[in-house]
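Novice: Have a look at the structure that comes next, please.
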Amino acid sequence: MYAIIGAGIGGLTTALAFEKLNIPYHLYEKSDAINAIGAGIWLAPNALKVYEWLGILDQIKEAGNSINRITIATADLKPLTDSKQDEAKEEYGYSTIAIHRAELQKVLSKNVPKTNISWGKGLESYTETTEEVILQFLDATTTSVNYLIAADGINSVIRKQLVPESEIRYSGQTCWRGVTNFKLPVDFNHRGLEMWGKQTRFGISKLSKDKTSWFAVVKSKPFLTDNKETLKDDLLKKYEDYTTVVKDLIANTDTSNILRNDIIDLKPIKKWYSNKVCLLGDAGHATTPNMGQGGAQAIEDAYFLAKIIAEEKTENTFAEFQNTRYKKVSSIVNQSWLTGKVAHLGFGASIRNMVFRSMPKSMIDKKMHYIYTLDKE
Ligand SMILES: Cc1cc2nc3c(=O)[nH]c(=O)nc-3n(C[C@H](O)[C@H](O)[C@H](O)COP(=O)(O)OP(=O)(O)OC[C@H]3O[C@@H](n4cnc5c(N)ncnc54)[C@H](O)[C@@H]3O)c2cc1C
């Protein structure tokens with residue numbers, strides 16, 4: 001029996017993959033119900049391929065919005081790179097889907113049998129012996145299982161026990177995310193847009209017929225908080241040089257729907273597992289969000305872990321899992337960290353823009369292909 005801790009994107013997808021391959025599991029989540037923040041998420045073709053394999057792609061398409069064009073542009077909307085996702089669609093069968101996180105988690109959790117999830121069951125710690133893993137929960141109960149899968153996110157209690165030296169890094173950037181029913185110009189309906197200004201960024205994507213999400217990133221210091229009274233005016237000031245739609249989106253978002261987060265990741269750790277415990281998703285390899293791949297990598301983890309367990313080709317399942325996933329995940333964590341630095345260049349921004357404008361399409365396609373391909377090459 002496998003215990004999966006955390007019913008986020010990674011834990012729920014693992015449950016569905018175990019269900020499909022008849023691997024016995026039980027999922028434990030500390031919140032009483034779905035714990036999704038009010039923001040959008042992009043699901044790239046590599047994530048969608050897993051959901052097709054799980055038979056829930058149509059439900060996800062229905063709940064989200066397809067992104068057929070991804071543009072990085074200047075603050076006044078002059079494209080730096082512009083990638084038509086039709087090519088990706090032709091090659092992989094899908095373009096990216098933008099979806100509200102709560103909608104995604106609703107689709108995932110409704111496909112997991114109710115008897116296999118315990119809500120309101122937070123893990124406090126575990127004890128690993130040669131025979132079993134004993135789970136100690138916050139409600140003072142215990143249970144024992146054969147294996148423990150940690151899908152409990154970037155602040156994983158399991159990772160803190162397994163790899164106590166692991167470190168969270170602040171990227172030097174802070175992000176606000178908003179969801180609004182403001183009606184975008186039609187040209188934006190199926191377009192993922194990220195604009196780079198002077199040490200600031202702003203991104204827009206439509207999530208469904210009546211919801212649009214945006215994010216705003218600035219250089220900052222960690223652990224600061226917002227004055228809710230002045231938040232919108234403060235943001236409007238930071239983005240005053242941006243194209244009108246940016247200001248319209250900020251002005252038309254309810255302050256209660258604006259979230260602030262410091263942009264952090266997990267400094268890569270060398271080993272994700274012990275004999276009976278394995279880290280998955282953000283618990284093992286949280287990345288900055290600059291490539292929109294953190295969730296997709298958790299989803300890929302779920303797919304490969306389930307397949308490796310079910311194939312029973314090796315005794316050392318978790319070592320094989322890390323071996324399969326480590327190179328791609330590390331390359332995304334490192335590239336995403338670097339992208340964040342480049343996007344916020346002050347001095348040198350015009351050179352950066354020139355380099356991006358003249359970047360050959362073949363180079364962009366090659367990078368996209370590497371990220372979007374699911375099968376190990
Ligand atoms: C600003 C921002 C934008 C992003 N945009 C994208 C994007 O566009 N595309 C993309 O693919 N990724 C994106 N990501 C990354 C993505 O959100 C994460 O990589 C993803 O949510 C990781 O999933 P997870 O299941 O590993 O962890 P989480 O989603 O954090 O889920 C962890 C779950 O574990 C539960 N839990 C925690 N501790 C315990 C415990 N002790 N006991 C029981 N349960 C517990 C939590 O309540 C939660 O439900 C973004 C991240 C940020 C910050």
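The values are calculated or read from the model by the stated rules, or taken from the named source; none is laboratory data. This is a predicted model, so every value here is computed, not measured. Here Cβ is always computed from backbone atoms with ideal geometry, including for glycine, and neighbour counts include all displayed protein chains. Heavy atoms of the whole protein, side chains included, go into the accessibility calculation; ligands, DNA and RNA do not. Shrake-Rupley method; radii C 1.70, N 1.55, O 1.52, S 1.80 Å.
Novice: Taking 41 Å as R0, compute the FRET efficiency from the Cβ-Cβ separation of L259 and M1 and round it to 0.05. Don't jump to the answer; show the numbers that get you there.
Specialist: Working: r = 36 Å, r/R0 = 0.89.
So the FRET efficiency works out to roughly 0.65.
Novice: Hey, another quick one. Accessible area per residue, 1.4 Å probe, Å², for the chain: what's the number? Could you put the intermediate results ahead of the total?
Specialist: Working: 17540 Å² over 377 residues.
Value for the chain: 47 Å² per residue.
Novice: Still on this structure, please answer the following. Taking H placed 1.01 Å from N in the peptide plane, check which residues at least 5 places from S83 or on another chain put their amide H under 5 Å from its amide H.
Specialist: Close amide H contacts, sequence-distant or interchain: I70, T71, I72.
Novice: Roughly how large, in nm² to one decimal, is the mean projection of the convex hull of the alpha-carbon atoms in the range 1-85?
Specialist: Seen from a random direction, the Cα hull of the range 1-85 projects 7.6 nm² on average.
Novice: Per q in 0.12, 0.17 1/Å, what log10 I(q)/I(0) does a Debye calculation on the alpha-carbon atoms of the range 212-357 return?
Specialist: The computed values of log10 I(q)/I(0) come out as -0.69, -1.03.
Novice: Now, a different point. Can you give the calculated 222 nm mean residue ellipticity of the chain, where each DSSP H run of n ≥ 4 adds -39,500 (n - 2.57) and the sum is split over every residue, rounded to the nearest 500 deg cm²/dmol?
Specialist: -11000 deg cm²/dmol
Novice: On to the next question. Which whole-Hz ³J(HN,Hα) couplings does the range 171-182 yield from phi under the Karplus relation 6.51 cos²θ - 1.76 cosθ + 1.60, θ = phi - 60°, glycine and proline marked x?
Specialist: So the J values, rounded to whole Hz, are 7, x, 10, 10, 10, 10, 10, x, 10, 9, 9, 4.
Novice: Take the solvent-accessible surface of the protein heavy atoms, probe 1.4 Å, and return the percent of it on the range 257-347 that carbon and sulfur atoms account for.
Specialist: In the range 257-347, the share of accessible area belonging to carbon and sulfur is 50 percent.
Novice: A follow-up question, please. Tell me the carbon and sulfur percent of the accessible area for the range 53-155, rounded to whole percent, probe radius 1.4 Å.
Specialist: Roughly 46 percent, rounded to a whole number.
Novice: Over the range 1-77, what is the mean sequence separation of C-alpha contacts under 8 Å (at least six apart), divided by residue count, expressed as relative contact order in percent?
Specialist: 25 percent
Novice: On to the next question. Identify, among V50, I309, T141, the residue whose Cα sits farthest towards the positive end of the charge dipole of the chain, taking +1 on the Cβ of Lys and Arg and -1 on the Cβ of Asp and Glu, with the dipole about the Cα centre.
Specialist: The Cα lying farthest towards the positive end belongs to V50.
Novice: Per 20 Å bin from zero, what fraction in whole % of the C-alpha pairs of the chain is there, up to the bin with the longest pair?
Specialist: In order of increasing distance, the bins hold 28, 58, 14, 0 percent.
Novice: Can you list the HN-Hα couplings for the range 124-131, worked out from phi with the Karplus curve (6.51, -1.76, 1.60; θ = phi - 60°), rounded to whole Hz and with x for Gly and Pro?
Specialist: Those phi angles translate into 9, 6, 9, 10, 9, 10, 5, 9 Hz.
Novice: Of the cross-linked pairs K209/K328; K30/K276; K78/K366; K30/K307; K61/K327; K121/K367, which ones have a Cα-Cα span greater than 32 Å in the structure shown?
Specialist: On the way: K209/K328 34 Å; K30/K276 21 Å; K78/K366 23 Å; K30/K307 27 Å; K61/K327 29 Å; K121/K367 40 Å.
Check vs 32 Å cut-off fails for K209/K328; K121/K367.
Novice: For the range 46-190, what does the equivalent ellipsoid look like in terms of its semi-axes, each the square root of 5 times an eigenvalue of the Cα gyration tensor, given largest first in whole Å?
Specialist: In descending order the semi-axes read 39, 21, 16 Å.
Novice: While we're on this one: Using unit Cβ charges (K, R positive; D, E negative) and no other charged atoms, how large, in debye to the nearest 20, is the dipole of the chain about its Cα centre?
Specialist: 1060 debye
Novice: Now for a different question. Between L207 and residues 5 or more places away or on another chain, which pairs have amide H atoms under 5 Å apart, with H built 1.01 Å from N, and which residues are they?
Specialist: T212, S213
Novice: Moving on. Have a look at G120, T96, S166 and report the one farthest towards the positive end of the charge dipole of the range 77-235, computed about the Cα centre with Cβ charges (Lys/Arg +1, Asp/Glu -1).
Specialist: Result: T96.
Novice: Work out how far the C-alpha atoms of the range 216-290 reach from end to end along every principal axis, then list the three figures in whole Å, largest first.
Specialist: Extents along the principal axes: 54, 24, 22 Å.
Novice: Listed highest first by mean packing, meaning other Cβ atoms within 10 Å per residue, what order do 220-229, 167-176, 82-91 come in?
Specialist: 167-176, 82-91, 220-229
Novice: Which percent, to the nearest 5, of DSSP beta bridges fully inside the chain are antiparallel?
Specialist: Just about 70 percent of them are antiparallel.
Novice: Right, next: With point charges of +1 on the Cβ of Lys and Arg and -1 on the Cβ of Asp and Glu, referenced to the Cα centre of the chain, which listed residue (A298, G197, L280) lies farthest in the positive direction of the dipole?
Specialist: Checked the options; the winner is G197.
Novice: Explain nothing, just the number: dipole magnitude of the range 174-263 about its Cα centre with +1 on each Lys and Arg Cβ and -1 on each Asp and Glu Cβ, in debye rounded to the nearest 20. Provide the component values of the computation, followed by the final result.
Specialist: Details: 16 positive and 12 negative charges, 42 e Å.
Here the size comes out at about 200 debye.
Novice: Kindly write out, for the range 100-115 in residue order, the coupling ³J(HN,Hα) from the Karplus curve 6.51 cos²θ - 1.76 cosθ + 1.60 (θ = phi - 60°), rounded to whole Hz, with x marking Gly and Pro.
Specialist: Those phi angles translate into 5, 4, 5, 5, 4, 5, 5, 4, 5, 6, 6, 8, 8, x, 4, 5 Hz.
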